[in-house]
Amino acid sequence: MRPVFSLQLSVVLLLLSSAFASDVTNQKGDPNDSGYVSPYLSGLDHSKKHEADDPLARQEAMRESRGGNPSFRVHMLNEAEQERLKFGHMLPGAAHHSGVPRWVNIGPTKNDYIQNGVTLKVTDSGRMRSILPHPRDPDIVYLLTSSGGLWKTTNFTDEHPHWEPKTDSTITTSGGAAAFGRDPETIYVGLGDPFENSLSAGGFMIKTTDGGETFSAPFALPNVSNIRDVKVDTSGPQDKVFVATDFGLYTSTDGGQTYNRAPDAVFLDSTIFGLFSGTVWSIARTSAGWVASTENPFVGDPATDGVGALVISTDHGATWQPIANSGNVFTGAGRTTLGIGRPGDKTVYAFAANTGDAAQLDLFRSDDGGQDWKALNLAAKTPTNPNADQPNLDVMEGQAFYNQMVLVDPTDKMRNTVYLGGQLSSVKSTDGGSTWTVIANWLAQFGLPYVHADYHASAIFVKRHGEDEEEEDHGDNDRRQPTLFFGTDGGLFTSQDGGATWDDDHNEGIVSTLGYSINSTPERPESAIMGLQDNGTFVRKDHGKVWEQPIGGDGLGSAWSQANDDIVLGTVEFSTIFQSTADNPLLQTEFNVAVNGIDPNFATFFTALATPSAPADPSGHVFFTYTPAEIYRTTDGANNWVNIGQNGLPGAPSPGIGATRRFRDTVHGIGVSPDASGGINNVAVVCNSGWVVVTHDGGATWHQTRLIGTVPNWQGFNSNVEWAGNNTLYVASESPFPGARVAKSTDGGLTFTDASTGLPNVPINRIRVSTTDPNTLYAATYFGVYRSTNAGTTWSRFGHGLPQVEVRDIYMPPNGSFLRIATYGRGVWDLKLH
């Protein structure tokens with residue numbers, strides 16, 4: 001979506017490119033998570049009518065949050081398999097044993113409305129990666145979501161189809177791309193979302209031959225972190241699978257049993273061409289062969305960074321070479337998405353970003369299977385119905401690296417009907433790109449139907465008249481009306497009338513939202529507030545699975561008074577905080593921007609909040625937040641914020657905090673003691689390079705401790721600090737390098753010891769201390785929830801039925817009666833304790 005705050009794209013792209021080298025360097029010697037730090041942002045504008053996400057800033061923050069370690073995904077695979085061997089009886093599908101508490105999903109399955117400057121009665125789900133309508137049965141549809149795995153329905157044409165998750169018991173719910181094999185019961189699924197900066201447990205291929213009932217063991221693609229596209233060649237005796245990844249092209253010639261990387265270099269006309277040295281984004285079978293779009297990696301070389309190209313194979317993937325590209329028309333490209341009406345078409349479209357992916361380049365058309373191209377010159381055209389969000393045909397806008405979609409209608413014999421999706425809008429041409437019409441808007445404005453912003457996937461279903469339909473020619477006037485499928489950051493959208501109207505109802509039942517935080521109130525424990533990636537802030541109003549969205553953008557931190565229900569807070573990117581004093585707030589009009597006292601020259605993407613316990617804050621009006629440079633407290637329910645600490649903290653034992661120490665950009669990086677006696681004066685914040693800063697007097701003095709070098713095998717990347725009392729606190733690590741995961745201090749943060757035994761060696765997002773027993777701890781990990789009943793001495797997986805999904809946050813009410821968790825891809829889950 002359109003960013004709320006101004007950000008210099010070129011600067012961020014430079015930081016993104018240089019960060020990769022820094023992250024790799026950090027694998028040697030002393031772990032260092034300060035090699036990549038978010039830029040400080042100035043001039044924050046809180047007067048915007050609509051909140052919008054900022055995927056570029058999110059990627060940057062995620063890179064700072066967890067860095068990058070290409071070899072870590074192999075470690076993650078090993079850890080996942082070990083956890084499955086130990087705790088497979090607790091995963092979905094296993095028989096439930098009496099006495100073991102059970103996780104129950106509470107949605108979100110539906111919205112009654114979302115609000116973002118306007119009120120829309122629509123339903124969103126999480127980000128889509130692939131859409132697979134059955135080629136013959138309109139009731140069977142598969143969806144691969146970015147972090148919620150593969151979903152299936154067998155009654156899609158019903159008003160309210162029933163969706164089932166199919167990969168909850170696999171190694172990860174992170175999705176990259178999927179494709180049918182030669183029969184629609186066979187699906188090849190690539191695991192690993194390309195927009196999580198190599199953080200997902202990805203780079204694997206799995207296969208089902210029974211429509212998702214069972215899957216093969218994961219095959220790890222060497223040096224691969226995520227999957228961008230999957231296509232299947234069915235011309236031979238068995239399936240040949242092509243996999244586009246962040247480390248080139250992989251192929252399987254044995255139906256997905258094994259995969260090998262395609263050769264990077266070819267020798268042609270005395271010139272060596274590097275074909276697959278970096279990313280492969282898109283693959284299509286055309287009349288000329290198999291065509292793939294590639295992009296050079298960002299390694300700090302301006303001459304080659306982000307250079308896109310097209311390559312072709314005329315022998316079913318055995319060898320590859322650059323396209324003919326007569327006249328060098330296809331040039332200056334970066335990431336490129338290919339579109340065809342049907343496999344084997346001579347007409348191909350290529351929707352391209354410019355080199356480096358900072359902006360849209362153009363839409364190109366080929367009528368010889370992808371060898372030679374014609375630029376359609378979108379920059380010189382205006383839609384027939386321009387509006388303030390789409391005044392021109394720059395559909396990608398400033399997010400060309402992220403949102404690209406092209407769909408070609410196969411019922412148009414000349415292949416002149418084509419759809420494009422980008423940031424805020426989608427457009428349609430019926431004359432091969434000569435003229436265009438805007439057909440959807442991200443907020444249903446300007447008389448247009450609603451389709452959520454940020455387009456990623458598309459598909460089309462055409463009812464067939466026979467098994468050999470693909471070979472039939474229906475002439476120029478094929479009157480069959482296809483079903484269009486668009487996949488965006490808000491889930492699935494369908495049209496039965498060529499894009500004139502759109503339906504969001506099929507999102508109902510797909511639980512794939514990407515949660516960052518969760519909170520509730522003991523006054524109404526059935527209620528909850530949750531921050532979500534690009535779906536804003538959701539609020540649950542009762543015991544059902546319906547949630548409402550009162551705040552747009554990237555929803556991040558959330559807080560709710562624990563002594564009462566006086567104050568509810570939600571945050572979006574760049575240290576923007578919204579406050580409500582309404583009972584169970586569900587409406588955007590009940591939230592106001594509450595940033596008075598926060599320096600607008602400094603901001604974090606993951607705007608964190610800390611909520612004191614009821615004993616520590618009987619007023620219910622005290623909260624904490626921080627930026628990279630400052631720590632803030634409010635005592636009046638967020639009406640005013642006061643700086644209680646900053647870089648160069650007052651009372652620090654040495655001046656070393658100064659310019660080099662930064663408070664880390666995480667959702668749960670600040671904690672406060674729950675004790676009734678002076679608890680709110682005990683505050684801690686995580687810093688870069690393994691440091692944590694602590695105050696016991698409300699910020700009058702601070703001390704700092706470095707865990708690297710004092711806690712054995714501590715790798716930095718501190719993610720969370722949690723107090724069990726005024727002297728006992730825990731620090732978690734989200735490091736992308738194997739090492740200690742939880743550290744414990746019993747002397748108020750002066751010294752720490754390792755408290756990781758029994759935890760999987762994967763990123764930990766937060767620790768939650770039981771509200772009724774300080775010796776019972778819960779850990780939100782990349783693979784689920786783990787519990788310790790002995791103050792961190794040992795840990796084990798907790799609860800039955802939770803997928804191996806990343807858990808981002810844990811809430812427990814003061815009476816300790818249940819746990820509520822926010823997952824990154826599988827919604828919200830409750831577990832009853834008593």
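Results, tabulated for the structure shown:
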{"item": "Extension gain (nm, one decimal) between THR304 and ARG524, 0.36 nm per residue minus Cα-Cα", "result": "73.5 nm"}
{"item": "Under 14 Å from the Cα of LYS545 - aspartates and glutamates, other chains or at least 8 residues apart", "result": "ASP112, ASP124, GLU508, GLU526, ASP830"}
{"item": "Semi-axis lengths, Å, the range 525-640, gyration tensor of Cα atoms, sqrt of 5 times eigenvalues", "result": "21, 18, 11"}
{"item": "Taking all pairs of distinct alpha-carbon atoms in the range 341-499, Kirkwood radius in angstrom", "result": "16.1 Å"}
{"item": "Pairs of Cα atoms farther than 19 Å apart, the range 560-711, %", "result": "52 percent"}
{"item": "Coil-residue trypsin sites (Lys or Arg not before Pro) of the range 71-163, DSSP, other Cβ within 10 Å capped at 16", "result": "LYS121, ARG136"}
{"item": "Distance histogram in 10 Å bins (all Cα pairs of the chain, percent per bin)", "result": "3, 14, 25, 27, 19, 9, 3, 0, 0"}
{"item": "Exposure rank, largest accessible area first [ARG826, ARG228; 1.4 Å]", "result": "ARG228, ARG826"}
{"item": "In Å², nearest 10: area of PHE298 left accessible to a 1.4 Å probe", "result": "70 Å²"}
{"item": "Residue-span extension gain [SER216 to VAL593] - 0.36 nm each, minus C-alpha spacing", "result": "130.8 nm"}
{"item": "Residue pairs, from the table LYS207/LYS240; LYS121/LYS541; LYS121/LYS152; LYS346/LYS374; LYS207/LYS231; LYS166/LYS832, whose Cα atoms sit over 19 Å apart", "result": "LYS121/LYS152; LYS166/LYS832"}
{"item": "Förster radius 51 Å - calculated FRET efficiency between ASP747 and ASP542, Cβ distance, rounded to 0.05", "result": "0.70"}
{"item": "For the chain, calculated [θ]222 nm from helices alone, where every DSSP H run of n ≥ 4 adds -39500 (n - 2.57)", "result": "-2000 deg cm²/dmol"}
{"item": "The range 135-294, Rg to Rh (Cα coordinates; Rh as Kirkwood inverse mean 1/r)", "result": "1.00"}
{"item": "Range of Cα positions in the range 53-102 per principal axis (Å), largest first", "result": "46, 29, 15"}
{"item": "Cα-Cα separations in the range 635-791 greater than 20 Å, expressed as whole percent", "result": "46 percent"}
{"item": "Size-normalised alpha-carbon gyration radius of the range 496-593, reference 2.2 N^0.38 Å", "result": "1.16"}
{"item": "DSSP-defined antiparallel bridges as percent of all bridges, the chain, nearest 5", "result": "95 percent"}
{"item": "Overall form of the range 371-420 per C-alpha gyration tensor (a/c, 1.5; a/b vs b/c)", "result": "prolate"}
{"item": "For the range 299-311, 3J(HN,Hα) per residue [Karplus equation, 6.51 cos²θ - 1.76 cosθ + 1.60, θ = phi - 60°, Hz, x = Gly/Pro]", "result": "10, x, 10, x, 6, 10, 4, x, 7, x, 8, 10, 10"}
{"item": "The range 178-224: equivalent-ellipsoid semi-axes (sqrt of 5 x gyration tensor eigenvalues, Cα, Å)", "result": "22, 10, 9"}
{"item": "Förster radius 35 Å - calculated FRET efficiency between ASP773 and ASN639 (Cβ-Cβ, nearest 0.05)", "result": "0.50"}
{"item": "Modelled FRET efficiency - R0 41 Å, THR119 with THR430, Cβ distances, 0.05 increments", "result": "0.80"}
{"item": "Isotropically averaged projected area of the range 82-200, using the convex hull of Cα atoms (one quarter of hull area), nm²", "result": "10.7 nm²"}
{"item": "Size of charge dipole - the range 759-834 - debye, nearest 20, with Cβ of Lys, Arg +1 and Asp, Glu -1, no other charges", "result": "60 debye"}
{"item": "Accessible-area value, PHE276, 1.4 Å probe, nucleic acids and ligands omitted, Å²", "result": "0 Å²"}
{"item": "Pairs of alpha carbons in the range 756-804 whose separation is greater than 14 Å (percent)", "result": "43 percent"}
{"item": "Gain on full stretching of the segment that runs from SER277 to ASP264 - 0.36 nm per residue minus C-alpha separation", "result": "4.1 nm"}
{"item": "Gyration tensor verdict on the range 346-433 (Cα atoms; rounded if a/c is under 1.5, prolate if a/b is larger than b/c, oblate otherwise)", "result": "oblate"}
{"item": "Cβ crowding within 10 Å averaged over residues, with 574-586, 784-796 ranked highest first", "result": "574-586, 784-796"}
{"item": "Set of lysines near LYS381 by C-alpha distance (under 22 Å), chain-local residues within fewer than 8 positions excluded", "result": "LYS428"}
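The values are calculated or read from the model by the stated rules, or taken from the named source; none is laboratory data. As the structure is a prediction and not an experimental result, all values here were calculated from the model. Because the Cβ atoms are built from the backbone with ideal geometry, glycine has one as well, and the counts that use them run over all protein chains shown. Only protein heavy atoms, including side chains, enter the accessible area calculation; ligands, DNA and RNA are left aside. Shrake-Rupley method; radii C 1.70, N 1.55, O 1.52, S 1.80 Å.
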